[in-house]
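Here the structure comes first, spelled out in structure tokens, and everything after it is commentary.
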Amino acid sequence: MAFGEGKIWYDGTLVDWADATCHVMSHALHYGSSVFEGIRCYDTGKGPEIFRLGDHMKRLFESAKIYRMDIPFDQAALEQAVIDTVRENKLQSCYIRPLAFRGYGAMGVNPIKCPVNVVIAAWTWGKYLGEAAMEDGVSVRVSSWRRPAPDTLPTLAKAGGNYLSSQLIKMEATQDGYDEGIALDHHGFVSEGSGENIFVVRNGSIYTPPSSSSILPGITRHCVITLARELGLQIRQQVIPREALYVADEVFFSGTAAEVTPVSKIDHIVIGNGKRGPVTERIQSAFFDIVEGRAPDTYGWFTPVT
Ligand code: PPE
């Protein structure tokens, strides 16, 4: 099913894509009051299998908790609903978008009187930053927009409103001819891309900003850390100054949509050899070997659909 086709799970029922609507006076539309996830389902050769379903749904509930949002389903029910949505749409590999939002009920900033609605959509979504980028890398700029300071908007929550920051970063980058933007945190240290975590390779070691650098604690980031350790590579979570990007041997992004994507240029400065470097390639191969079913799922990251 392509985007726009098939069924969407809506508060417990599978409805036609066209019927999955909400009222224009829904709270989330006015105030950004939603939490969501992005999950991939891969064709592993054993049928469609959902990647890190439990971890994504846990994060959805944690995002909701931060915003005092009571999701009217439990985690097990929503995990089953994700499976049902993929199965109903007869999808093999796809992207899954669970979203919980403050719905239609009352106007005004205080959301407590609004109902919480939950939807789950699934559709086929290819390479986020383009097929060629997986080998050639992407050209990025450091954004003039910073990620929210810690006592402003909580970045550990994957909330709809946070993506206003991401939109500013992404639009600025693409309108200036770059593929993506990298935002700094409120101290001026490297934070993350508009929809990706970032990794820097230098002298064979890998560095990534810690959760205190206004990042979303990415689930793919956790995969990269796990796989790097398995490969015997040093990986550290530490604050990264902007200029460390320019003199890095390699830089790459991670994310559910972006998977593992190399960065070739930052602010027009060529990174390393200007294409995917050897450490990035090792991490990328280890990742794709698992998700494409060539390597065993030793960490129990998959949930089968059937
Ligand atoms: N940082 C941000 C800001 C972010 O949005 C994502 C995911 C990540 C890091 C990586 O997190 P994870 O997917 O758990 O590894 N971005 C999602 C939304 C992309 C979109 O355009 O929509 C995604 O990759 O699904």
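Report the residue count in the stretch 148-184 for those that are over 18 Å from the mean Cα position of the chain (by Cα), assigned to a loop (DSSP other than H, G, I, E, B) and either of a type in the set (D, E, K, R) or at pLDDT below 95 (or both).
Residues that pass the stated criteria total 3.
Test Ala106 against the criterion of being small (Gly, Ala, Ser), out of contact with any His (no Cβ under 7 Å at 6 or more places or on another chain), part of a loop (DSSP other than H, G, I, E, B) and within 12 Å of the ligand (Cβ to nearest atom), and give yes or no.
no
Could you count how many residues in the stretch 109-130 are farther than 13 Å from Ile8 by Cβ and not in a loop (DSSP other than H, G, I, E, B)?
The number of residues fulfilling the criteria is 1.
Counting only residues that are of a type outside the set (A, V, I, L, M, F, W, C), within 16 Å of the ligand (Cβ to nearest atom), within 28 Å of Leu91 (Cβ to Cβ) and surrounded by 15 or more Cβ atoms within 10 Å (Cβ to Cβ), how many does the stretch 24-54 have?
Within the stretch 24-54, residues that are of a type outside the set (A, V, I, L, M, F, W, C), within 16 Å of the ligand (Cβ to nearest atom), within 28 Å of Leu91 (Cβ to Cβ) and surrounded by 15 or more Cβ atoms within 10 Å (Cβ to Cβ) number 6.
Could you check the stretch 195-254 and list, in sequence order, the residues that are surrounded by 22 or more Cβ atoms within 10 Å (Cβ to Cβ), of a type in the set (Asp, Glu) and either part of a strand (DSSP E or B) or over 21 Å from the mean Cα position of the chain (by Cα) (or both)?
Once the filter is applied, which keeps residues that are surrounded by 22 or more Cβ atoms within 10 Å (Cβ to Cβ), of a type in the set (Asp, Glu) and either part of a strand (DSSP E or B) or over 21 Å from the mean Cα position of the chain (by Cα) (or both), the stretch 195-254 yields only Glu250.
Sort through Arg242, Arg236 and tell me the only one that's outside the structural domain of Cys41 (by TED's automatic domain parsing), closer than 26 Å to Pro150 by Cα, away from the ligand (no atom under 16 Å from the Cβ) and touching a Phe, Trp or Tyr at 6+ places or on another chain (Cβ under 7 Å).
Every option except Arg236 fails the conditions.
More than 19 Å from the chain's Cα centre (by Cα), over 21 Å from Thr155 (Cα atoms) and among the acidic types (Asp, Glu): does that describe Asp70?
Working: more than 19 Å from the chain's Cα centre (by Cα): yes; over 21 Å from Thr155 (Cα atoms): no; among the acidic types (Asp, Glu): yes.
No.
Are any of the residues in the stretch 247-265 farther than 17 Å from Gly277 by Cβ and out of contact with any Lys or Arg (no Cβ under 9 Å at 6 or more places or on another chain)?
No - not one qualifying residue is present in the stretch 247-265.
Just to be sure before I move on: is Asp185 more than 12 Å from the ligand (Cβ to nearest atom), surrounded by fewer than 16 Cβ atoms within 10 Å (Cβ to Cβ), outside the structural domain of Ala64 (by TED's automatic domain parsing) and charged (D, E, K, R) in the structure I sent?
no
Any residue in the stretch 209-234 that is at positive phi sitting within a Cβ distance under 9 Å of a residue that is at pLDDT 95 or above and surrounded by 22 or more Cβ atoms within 10 Å (Cβ to Cβ)? List the pairs, counting only those 6 or more apart or interchain.
From residues that are at positive phi, the pairs are Ser214/Arg147; Ser214/Thr155; Ser214/Ala183; Ser214/Leu184; Ser214/Asp185; Ser214/Ser191; Ser214/Glu192.
The values are calculated or read from the model by the stated rules, or taken from the named source; none is laboratory data. Since the structure is predicted, the reported quantities are computational estimates derived from the model, not experimental observations. Cβ atoms come from the backbone with ideal geometry, glycine included; neighbour counts cover every protein chain shown.
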